[in-house]
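Read-outs: derived from the displayed coordinates by stated rules, not from any lab. This one's a predicted model, so the numbers in the text were calculated from it and none came from an experiment. Glycine gets a Cβ as well: all are built from the backbone with ideal geometry, and neighbour counts include every protein chain shown.
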Amino acid sequence: MDPQFTGPVDHDYTLQSNSPCIDGGDPEPGYNDPDGSRNDVGAMPFIAPAYVCGDANMDGQLNVGDAVFLINFIFGGGPGPDPVEAGDANCEGQVNVGDAVYLIAFVFNGGAEPCCP
Ligand SMILES: [Ca+2]
Ligand SMILES: [Ca+2]
Ligand SMILES: [Ca+2]
């Protein structure tokens with residue numbers, strides 16, 4: 001079976017969210033992962049990233065500030081969203097100006113909600 005390591009080539013043995021190793025380890029509660037779920041097979045447990053989709057600036061709200069944050073990141077060399085997925089509002093796999101446009105459409109024009117990966 002393929003354990004779905006994130007980056008086996010560069011020795012990144014964290015698990016991707018589709019890994020069959022997740023919650024496949026010892027069911028003994030004492031071995032539970034830091035997130036309280038059942039133990040994962042392998043050295044690095046998978047911890048689902050906690051973020052609000054589209055909340056690029058991580059202030060807990062979705063508003064124009066997130067679009068501004070993304071624009072500053074993309075064009076102004078400012079800090080990026082962390083995790084970067086939080087900034088991928090249109091969920092096409094990368095963070096770019098399209099996400100800022102998407103957020104603006106959502107905030108001001110009743111556009112579709114951010115979907116994120
Ligand atoms: Ca787990
Ligand atoms: Ca925000
Ligand atoms: Ca995107």
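Please list, ordered by chain and number, the residues whose modelled amide H lies under 5 Å from the amide H of G78; skip anything fewer than 5 residues away on the same chain.
Close amide H contacts, sequence-distant or interchain: F73.
Would you mind listing how long segment 1-48 runs along its three principal axes, going by Cα atoms, in whole Å with the largest first?
32, 20, 15 Å, listed from the longest principal axis down.
Order by neighbour count: L62, L103, L15, fewest other Cβ atoms within 10 Å first, most last.
L62, L15, L103
Run the paramagnetic zone check for I47: 7 angstrom along Cα to Cβ, then residues of segment 19-36 with backbone nitrogen under 15 Å.
32-36
Give the Rg (one decimal place) followed by the Dmax (whole number) of the chain, computed from C-alpha coordinates and expressed in Å.
Just the Cα atoms of the chain yield Rg and Dmax of 17.2, 50 Å.
Which Cys in the chain stand alone, with every other cysteine's Cβ at 4.7 Å or more from theirs?
Result for the chain is C21, no neighbouring Cys Cβ within the cutoff.
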